[in-house]
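Below is one structure, written out as structure tokens; the observations come after it.
The values are calculated or read from the model by the stated rules, or taken from the named source; none is laboratory data. In this text, all values refer to a predicted model and were calculated from it rather than measured experimentally. When we count neighbours, we look across all protein chains shown, and the Cβ atoms used for this are built from the backbone with ideal geometry, even at glycine. Ligands, DNA and RNA are excluded from the accessible area calculation, which covers all protein heavy atoms including side chains. Shrake-Rupley method; radii C 1.70, N 1.55, O 1.52, S 1.80 Å.
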Amino acid sequence: MTDRIISWHGNPSRPRYRPPAGAIDAHCHVFGPMAEFPFSAKAKYLPEDAGPDMLFALRDHLGFARNVIVQASCHGTDNAATLDAIAKSNGKARGVAVVNPSISEADLAALHEGGMRGIRFNFLKRLVDDAPKDKFLDVAKRLPKGWHVVIYFEADILEELRPFMDAIPVPLVIDHMGRPDVTQGPDGADMKAFRAFLESRDDIWFKATCPDRLDPTGDPWNAFADAVAPLVADYQDRVLWGTDWPHPNMQDAVPDDGHLVDMIPRIAPTVELQRKLLIDNPMRLYWPEEVGS
Ligand SMILES: O=C(O)/C=C(\CC(=O)C(=O)O)C(=O)O
């Protein structure tokens, strides 16, 4: 692996839709900078630097107030780059870590101190070499209070993962809805299976994210809007939204982040739905101390 890739738009448009004050981009990443935070030896892609300054400039450009930064696989289990970005955010970012399952309680506590509020289990074979379910389950049982587990998988392994996910004793957040085939429509087999999974527990959350990854019809991603809007309406108290910037591995079909933001009113057409999606729900998971209960 030699060439470093650029998977993000150099000049994203300003969205027509303006998010409400306090809106949270609840799925994004940082890459490096590599000189300070080298990529993992096991990384499956080697990106150019996309550090906190770029992320926060995009946040302001798109009209968001806060970020949830998810540790990307290219940084392995060294969360230093993500922690650095959180530290530079003036309290406007929190994060999701990727950890070695044998991590100590003291190191988990240090991640909490650094702004992490969950860990991510990645089951995409093209991104990680192995995903040991027994070890994942062990660490999921040892998380700091209030944390959740983010899981990234593709629709074809949802059923296979069910016993493992059922055994996780903290809330689950499913990245990109488990990557359904949105061209099947809102009642397609993938969406039906995902809905059945959501029905099995009331503490399974999901991200209504990544039209660019999930919709082969391309921008403006009409299949995504059609398939996802009913899911957001039906599970409006457990859905999150994010840009997915800097769009790891999307170098051949880089999305315009302004257009991604313009998807929001198409999947959440009312002011109330938008407030839940962009503020109330992510605040409950990532800044619960600011939410009156
Ligand atoms: O982060 C995403 O949204 C998607 C990714 C990359 C990724 O997960 C990672 O590098 O950890 C993908 O599908 O290539």
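Tabulated results
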{"quantity": "Failed condition for Gly258, given (1) over 16 Å from His27 (Cα atoms); (2) open to solvent by less than 20 Å² (accessible area, probe 1.4 Å); (3) more than 16 Å from the ligand (Cβ to nearest atom)", "calculated": "(1)"}
{"quantity": "Residues of the range 208-252 satisfying the condition of being at positive phi and either away from the ligand (no atom under 11 Å from the Cβ) or touching a strand residue (DSSP E or B) at 6+ places or on another chain (Cβ under 7 Å) (or both)", "calculated": "Gly218, Trp221, Asp244"}
{"quantity": "Matching residues in the range 67-87 - criterion: being open to solvent by less than 20 Å² (accessible area, probe 1.4 Å) and in a loop (DSSP other than H, G, I, E, B)", "calculated": "Gln71, Ala72, Gly76, Asn79"}
{"quantity": "Residue satisfying all of: in the range 35-50; part of a loop (DSSP other than H, G, I, E, B) and under 17 Å from Lys88 (Cα atoms); least open to solvent (accessible area, probe 1.4 Å) among these", "calculated": "Phe37"}
{"quantity": "Test: residue in the range 263-276 that is farther than 16 Å from Ser13 by Cβ and open to solvent by less than 10 Å² (accessible area, probe 1.4 Å)", "calculated": "yes"}
{"quantity": "Meets criteria (of a type in the set (Asp, Glu) and under 19 Å from the mean Cα position of the chain (by Cα)) for Asp25", "calculated": "yes"}
{"quantity": "Among the candidates Asp175, Asp130, Asp156, Asp181, residue that is modelled with pLDDT under 95 and either within 16 Å of the ligand (Cβ to nearest atom) or under 26 Å from Thr243 (Cα atoms) (or both)", "calculated": "Asp130"}
